[in-house]
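The values are calculated or read from the model by the stated rules, or taken from the named source; none is laboratory data. All values reported here derive from a predicted model rather than from experimental measurement. Here the Cβ positions follow ideal geometry from the backbone for every residue, glycine too, while neighbour counts run over all protein chains shown.
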Amino acid sequence: MQFQTFDEEYVGRLRDGDAGAEEHFAAYFSELIHLKLRRRMRTPQLVEDIRQETLCRVLRTLREKGGIEDARKLGAFVSAVCHYVTAELIRSEKRYETPTQDFEERADPGHDLDAPLINEERRRQVKKILAKLEDRDRKLLRAMFLDELDSKEICRRFQVQPDYLRVLIFRAKARFRQEYVRSAASGT
């Protein structure tokens, strides 16, 4: 984004209703307002409402007698108006909010509603790939990652030394990875 400085001529054109100046004004400050509000507002519609109200108020103020005293401060003025419009909107929303809305209607942004479906699909995919592996690799990976047995118990079951268990797990994971890539490439 290219920042600009504004002069009396530009503000005068806005005051007189010059279409080109108004179009430039709306485009330039719309982007700045969007950047300022994108993280603070819940919905794009709120950002759009604030943007429109801010631009209308600034143009109205410019056209009133007195308007803005220093054209170089137009950017700061727009930012301040945006701040006040945002505060007014938030204040008016909270005035009509009931306590039950806070807990029942607002979705937790950290909670992914698709996660259970995705996890179930991954479980099915892992089972398919495990079924394609050799019996020893399948049992080893299942004991290590699904049953979460400790390494001593796995060594006892597979009758191997701890150093060799690392080698077996490495190889089994590599075969699993190869089968996963193969199945992903084939689309199954």
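Against the conditions (1) surrounded by 13 or more Cβ atoms within 10 Å (Cβ to Cβ); (2) over 29 Å from the mean Cα position of the chain (by Cα); (3) part of a loop (DSSP other than H, G, I, E, B), residue 41 satisfies every one except (2). For the range 11-58, residues that are in contact with a helix residue (DSSP H, G or I) (Cβ under 8 Å, 6 or more places away or on another chain) and either of a type in the set (A, V, I, L, M) or not assigned by TED's automatic domain parsing to the domain that holds residue 72 (or both) total 13. The numbered conditions (1) modelled with pLDDT under 85; (2) exposed (fewer than 15 other Cβ atoms within 10 Å of the Cβ); (3) of a type in the set (A, V, I, L, M) are all true for residue 181 except (1).
When you look at residue 88, is it of a type in the set (Asp, Glu), modelled with pLDDT under 85, out of contact with any strand residue (DSSP E or B) (no Cβ under 9 Å at 6 or more places or on another chain) and under 30 Å from residue 33 (Cα atoms), yes or no?
Spelling it out, it is not the case that residue 88 is of a type in the set (Asp, Glu), modelled with pLDDT under 85, out of contact with any strand residue (DSSP E or B) (no Cβ under 9 Å at 6 or more places or on another chain) and under 30 Å from residue 33 (Cα atoms).
Screening the range 44-76 for residues that are part of a loop (DSSP other than H, G, I, E, B) and surrounded by 15 or more Cβ atoms within 10 Å (Cβ to Cβ) and picking the one that is modelled with the highest pLDDT gives 68. Here residue 146 passes the criteria (1) more than 30 Å from residue 172 (Cβ to Cβ); (2) modelled with pLDDT under 85 except the one numbered (1).
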